């Protein structure tokens, strides 16, 4: 139960810091400032949580990461289900907190999407969005599996490496899909946006569920292959 609570808290913090920053600064393609700040917010949130709850639950805070760990043999199906439920609830709670902050503070959310993902950057093309999410998630999960491997020699810097990797994939992906690589992070804001009357995020959210899960599956089998060859 403590692992599930840790995943709930970690995912909630990720959404509050990452999506909250995206809501405040936007993503200005002209200056790039919004891109960098949002990417850093997501990356730094992961770093903070990795060193806070990593020793309790492993700090997956992402169903795609949990799927990669499951395929790699690092957890049971029962644990996986508990993790995913906790992560989705945490993302919804984090989005709810943002909704309260922005409404109570009369802060404008230009899109009414609470930092949700979208397909505007790829011309509204779901296939392009899927490809982006598959590739970025594969890179992210591959890095996580390598860093957390028993053969890894990163010492206490594992959380920093993972956070920087998430920052990197956001720098590329924000302008394309808003960067999900995390089904829970996409589902939470989409549900809160739906409650607020914005139906666009929930209509597109399947892309940000399927894409990351496929990318994580590819990463897990690829890493097993590479590690097996090394052994």
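The values are calculated or read from the model by the stated rules, or taken from the named source; none is laboratory data. All of these numbers come straight from a predicted model, not from anything done at the bench. Every residue, glycine as well, gets a Cβ built from its backbone with ideal geometry; the counts of neighbours run over all protein chains shown.
Only a single criterion out of (1) surrounded by 19 or more Cβ atoms within 10 Å (Cβ to Cβ); (2) under 19 Å from residue 19 (Cβ atoms); (3) more than 15 Å from the chain's Cα centre (by Cα) is not satisfied by residue 145, namely (2). Kindly evaluate residue 93 against the criterion of being over 22 Å from residue 165 (Cα atoms), in contact with a helix residue (DSSP H, G or I) (Cβ under 8 Å, 6 or more places away or on another chain), at pLDDT 95 or above and surrounded by fewer than 24 Cβ atoms within 10 Å (Cβ to Cβ). Answer is yes for this residue. Residues that are modelled with pLDDT of 95 or more and in contact with a helix residue (DSSP H, G or I) (Cβ under 8 Å, 6 or more places away or on another chain), at least 3 per element: which helices (runs of 4 or more DSSP H) completely within the stretch 153-214 meet that? Once the helices (runs of 4 or more DSSP H) in the stretch 153-214 are filtered for at least 3 residues that are modelled with pLDDT of 95 or more and in contact with a helix residue (DSSP H, G or I) (Cβ under 8 Å, 6 or more places away or on another chain), what remains is 158-177, 183-195. Would you check if residue 101 is assigned to a helix (DSSP H, G or I) and more than 27 Å from residue 218 (Cα to Cα)? Answer is yes for this residue. Listed by first and then second residue, the pairs with beta-carbon distance under 6 Å, at least 6 apart or on different chains, first residue in the stretch 138-149 and more than 21 Å from residue 209 (Cβ to Cβ), second at pLDDT below 90 and part of a helix (DSSP H, G or I), are 147/158.
Scanning the stretch 174-231 for residues that are within 15 Å of residue 18 (Cβ to Cβ) and surrounded by fewer than 24 Cβ atoms within 10 Å (Cβ to Cβ) yields a single hit, 174.
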